[in-house]
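Asker: Can you read through this structure? Questions will come right after.
The values are calculated or read from the model by the stated rules, or taken from the named source; none is laboratory data. Computed from a predicted model, the values in this text were never measured in an experiment. So basically every Cβ, Gly included, is an ideal-geometry build from the backbone, and we count neighbours across all protein chains shown.
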Amino acid sequence: MSDYESIRGTRVKYLTSDPTLNSSTEGQVWYNSTEGVLKSLVQFEAWSSASNTISPSTGGRGGAGTQTAALVFGGTPPSSPAVTTTEEYNGSGWVLGGNMGTARLYGAGAGTQTAGLAFAGNNPGGLTANTEEYDGTSWSEQNNMGTARYELAGAGTQTAALAFGGVNPQPPVTYYNITEEYDGASWTTGGTLAVGKYGIAGAGTQTAGLGFGGYTPGSMQSATEEYNGTSWTAGGPLATAKYQLAGAGLQTAGLAFGGSPPPSTLATTEKYDGSSWTITSSMGTARRKLAGAGIQTAALAVAGIPIGGGLTEEFTKSINVITGAAWASGGNFINSRTDLDCAGTQNASVGASGYNPPATMPLPSAEYDGASWTSGPNINTARYFVGTFGTQTAAVMTGGSALPTGARQSAVEEYNGSSWTSVTSLPAARVGHARGGVETAGAIFGGSEPPGIVGTTSEYDGSSWTSGGTMNTPRQTMAGDGTSQSDIFAAGGDTGPRNVDYEEYNGSSWTSGPNIVIATNETKGSGTTASSVIIGGSNPNAVNSNPLCQAYDGSSWVTTASLATGRKNMGASGGGTTALATAGRDAAPSVTNVTEEFTGETVAATASTLTTS
């Protein structure tokens, strides 16, 4: 019998602790003498949460591309029967793409993010045979399919696509077994499926396609069929009969996930090796009518019903444990209030100012220790819509609107961890501005001074204020933050309409950067120019308040994990991957005391304990 060394080429090491885990450790076996166990680093399969889509689509979206460059389009949000919306995913979050020419739901897709294909579906005008190509920016009309239908499957590329199955629900209901092939210009008829069905999922290529699941009159399907470019032949059946599921991968390495045997929905996942299906890790959330993209070892599940909200999950076969970005409940603030601000870190923050309408009395400040808030002293000038920067024990509060009059304020106060002290006032009264930096090197920017919105920057050195560079886009109620006077960002805000502008400040001048994903104002920001997050706010999709958050990695903006409680005019502190969102106005809109803690996505290799049986 061969031993481990002859098979692997290395000996089993005897160690007092696990080695540094990375890809070079994969497959290596060692004995951890401290724990008294045999360990190894092996690949495993799992779903992890990812950023929600921008559109609150419930289901019926088409999908294409890979896990790190995916495309979804169409679908049906709660307020509309079908949309033209397109979104692109980069492995971290979503951005809006060009709108489709024809609104649709339950269509199909093929190709990549920069060479995508959308075809068939349903819209307010009825079934469509419409075909569109996507170039990474915009959609263009192409020749129609031969047969209009919906809830069909797609596979292949933009210039060699496959469409099969589907249904026409108009009496007499027709369940299609037809296949059509697209060559980049027109559709031609291909081989027929064994039976007509809808809600079928697809994977693979035009000459090596895979179709599985679906519904035919009177029964759900577990059947799998393989296409060779001419005809379909039977493959191994799914472990569970289902329809309205999603698929990814190739004919010899497919993935099936979600779906439904009414009235339930499924989270189950199965993988195909070219002859048989085996069950693997389930999704975190059961759903049907979802979109899928990617390959067997790196797939994406998007939206679906009945969940709504554009929920996205990633399936990965890896040595790493991927924990998606998420907001978690923290200790509630000492009282409900809006229009406050905070300074410090996620585990050591101070929050102050604000009010709880219609009451206008001053409210005490409070400190957060990572678990709970503790009441502190009142500020000297009762106000709201301030800008606060610094740390829990060295914070600076600036400007705002006076309670109860609403008059703009120039007052500035410093907090030392026990009391607030009035210090040098601002050069001019200001409200609705953003802030960044520390007590001895901070800045405020934008906001409103008499007679209106400004783009001025005022820098603070711990004792006095001086003028800094002027913003490229004057605005108020924007997101902004930074850990030093020379590393500050400003994003979104109100210039009359909400805007998507982003700028960075280097201590003397502002430079425009990439636009944020969606226009928002009445929000707050946390982090730096290299890693930041915009928290909630208001936007055109949610006038009162918004759970959507947006993250920046130093080069581009994408959506990230959404707040559990959508809100605007909250307090914010922390960093780009460790933010804290405190109180504000929620969707009612009412005033809340909810605190949420943000943790960015983490990826870590994890050793498995080996056992014998």
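Asker: Report yes if Thr360 is closer than 21 Å to Glu449 by Cα, without any contact (Cβ under 8 Å) to a residue 60 or more places away in the chain and of a type in the set (Val, Ile, Thr), otherwise no. Reasoning before the result, please.
Answerer: Values: closer than 21 Å to Glu449 by Cα: no; without any contact (Cβ under 8 Å) to a residue 60 or more places away in the chain: yes; of a type in the set (Val, Ile, Thr): yes.
So Thr360 does not fit the description; no.
Asker: Tally the residues that are over 30 Å from Thr602 (Cβ atoms), in a strand (DSSP E or B) and without any contact (Cβ under 8 Å) to a residue 60 or more places away in the chain, restricting the search to segment 44-87.
Answerer: Selection size over segment 44-87: 2.
Asker: Could you run through segment 495-512 and say how many residues are modelled with pLDDT of 95 or more and either farther than 19 Å from Thr560 by Cα or among the aromatic types (Phe, Trp, Tyr) (or both)?
Answerer: Of the residues in that region, 11 qualify.
Asker: Condition first: surrounded by fewer than 19 Cβ atoms within 10 Å (Cβ to Cβ), within 37 Å of the chain's Cα centre (by Cα) and of a type in the set (D, E, K, R). Can you find one or more residues in segment 368-383 that meet it?
Answerer: Yes, some residue in segment 368-383 is surrounded by fewer than 19 Cβ atoms within 10 Å (Cβ to Cβ), within 37 Å of the chain's Cα centre (by Cα) and of a type in the set (D, E, K, R).
Asker: Mind checking whether some residue in segment 354-362 is surrounded by fewer than 17 Cβ atoms within 10 Å (Cβ to Cβ) and within 12 Å of Thr582 (Cβ to Cβ)?
Answerer: No, that holds for no residue.
Yes or no, residue by residue, for (1) among the polar types (S, T, N, Q); (2) within 16 Å of Ser336 (Cα to Cα):
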| residue | (1), (2) |
| --- | --- |
| Ala561 | no, no |
| Gly566 | no, yes |
| Gly574 | no, no |
| Thr578 | yes, no |
| Thr582 | yes, yes |
| Arg585 | no, yes |
| Ala588 | no, yes |
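Asker: I'd like to know if segment 106-123 contains one or more residues that are surrounded by fewer than 23 Cβ atoms within 10 Å (Cβ to Cβ), modelled with pLDDT under 95 and in the same structural domain as Tyr243 (by TED's automatic domain parsing).
Answerer: yes
For every residue, the table says whether it meets (1) of a type outside the set (Gly, Ala, Ser); (2) assigned by TED's automatic domain parsing to the domain that holds Thr529; (3) part of a loop (DSSP other than H, G, I, E, B).
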| site | (1), (2), (3) |
| --- | --- |
| Thr466 | yes, yes, no |
| Met471 | yes, yes, yes |
| Val500 | yes, yes, yes |
| Ser508 | no, yes, yes |
| Thr511 | yes, yes, no |
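Asker: For the list (1) surrounded by fewer than 23 Cβ atoms within 10 Å (Cβ to Cβ); (2) part of a loop (DSSP other than H, G, I, E, B); (3) not small (Gly, Ala, Ser), I need the number of the one condition that Glu504 fails.
Answerer: Result: Glu504 passes all but (2).
Asker: For segment 515-601, give me every one of the strands (runs of 3 or more DSSP E) that falls completely inside it and has 3 or more residues that are touching a Leu at 6+ places or on another chain (Cβ under 6 Å), surrounded by 22 or more Cβ atoms within 10 Å (Cβ to Cβ) and modelled with pLDDT of 95 or more. Talk me through it step by step, then tell me what you get.
Answerer: Details: elements: 524-527, 532-535, 549-552, 557-560, 571-574, 579-586, 591-599.
So the answer is 571-574.
Asker: Within segment 482-498, how many residues turn out to be under 22 Å from Ser349 (Cβ atoms) and either in a strand (DSSP E or B) or of a type in the set (Asp, Glu) (or both)?
Answerer: Qualifying residue count, segment 482-498: 8.
Asker: Right, here's the next one. Restricting attention to segment 60-91, which residues are in contact with a strand residue (DSSP E or B) (Cβ under 8 Å, 6 or more places away or on another chain) and modelled with pLDDT under 90?
Answerer: Thr76, Pro77, Pro81
Asker: Further, regarding this structure: In segment 176-204, what count of residues is obtained for those that are over 22 Å from Gly236 (Cβ atoms) and surrounded by fewer than 19 Cβ atoms within 10 Å (Cβ to Cβ)?
Answerer: Residues meeting the conditions: 6.
Asker: Turning to a different aspect of this structure: Going residue by residue through segment 288-310, is there one that turns out to be within 28 Å of the chain's Cα centre (by Cα), in a strand (DSSP E or B), surrounded by fewer than 17 Cβ atoms within 10 Å (Cβ to Cβ) and assigned by TED's automatic domain parsing to the domain that holds Ala69? Steps first, answer last, please.
Answerer: Residues of segment 288-310 that are within 28 Å of the chain's Cα centre (by Cα), as a first pass: 288-310.
Okay, now just the ones that are also in a strand (DSSP E or B), so 288, 291-295, 298-302, 305.
Subsequent filtering for residues that are surrounded by fewer than 17 Cβ atoms within 10 Å (Cβ to Cβ) retains none.
There is no residue in segment 288-310 that is within 28 Å of the chain's Cα centre (by Cα), in a strand (DSSP E or B), surrounded by fewer than 17 Cβ atoms within 10 Å (Cβ to Cβ) and assigned by TED's automatic domain parsing to the domain that holds Ala69.
Asker: Keeping to segment 26-64, report how many residues are under 14 Å from Glu87 (Cβ atoms) and under 17 Å from the mean Cα position of the chain (by Cα).
Answerer: Result for segment 26-64: 10.
Asker: Moving on to the next point. Hey, could you check segment 230-267 for residues that are over 27 Å from Gly111 (Cβ atoms) and among the polar types (S, T, N, Q) and say which is surrounded by the fewest Cβ atoms within 10 Å (Cβ to Cβ)?
Answerer: So the residue we want is Ser264.
Asker: Right, another one. What are the residues in segment 268-287 that are part of a strand (DSSP E or B), touching a Leu at 6+ places or on another chain (Cβ under 8 Å) and hydrophobic (A, V, I, L, M, F, W, C), if any?
Answerer: The first filter runs over segment 268-287 and keeps only residues part of a strand (DSSP E or B), leaving 269-272, 277-280, 287.
Going one step further and asking which of them are touching a Leu at 6+ places or on another chain (Cβ under 8 Å), we end up with 269-272, 277, 287.
Answer for segment 268-287, where residues must be part of a strand (DSSP E or B), touching a Leu at 6+ places or on another chain (Cβ under 8 Å) and hydrophobic (A, V, I, L, M, F, W, C): just Trp277.
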